[in-house]
């Protein structure tokens, strides 16, 4: 696993902040020991803040209420299974919205895993988490329209899990290349800005 691999984000983030803090030491205090102590105190908060922000972001991607009690170990089990099975994160999160109930969209998720039974285990964990969501299924849907195959809105509400993941993530490689060429010429930029909420 490389330095910038997904699982190393917290460590590399802290390493970069530490290097930055070193450049600020002369500004923090004329006394080097005091400056180092000040920097270390500030850096000590990074780990817990990163963990909490990552957990909240993951809950959004999983379509789970932010008030839900989800622990880091459960999230780690999902990410570990995905990493061990070489799962494409974007496709996984994008396809979750169609797999809310048992049997619904299972094959789309299973096909992403080297070992499809690992996909079943992840689906079981995820469905257990969304079952704890106090909101009714209708309340867990966003009114943001889904983009259809042609890129236009279908008008259908989408599960929260879809709201936390980009609507154009499953485009075929040829579509990505064509879209990149269009954006390079400025075509479709207004639609992309609207989708991004800009």
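Okay, here's what the table says:
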item	result
Nearest-0.05 FRET efficiency for residue 50 and residue 121, computed from C-beta distance (R0 25 Å)	0.40
Separation in nanometres of the label points that stand 7 Å from Cα toward Cβ, at residue 111 and residue 73	3.5
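Every read-out reported here was derived from the displayed coordinates using simple, explicitly stated rules and does not represent laboratory data. Since this is a predicted model, take the numbers as computed values, not measurements. Every residue, glycine among them, receives a Cβ derived from its backbone with ideal geometry; neighbour counts consider all protein chains shown.
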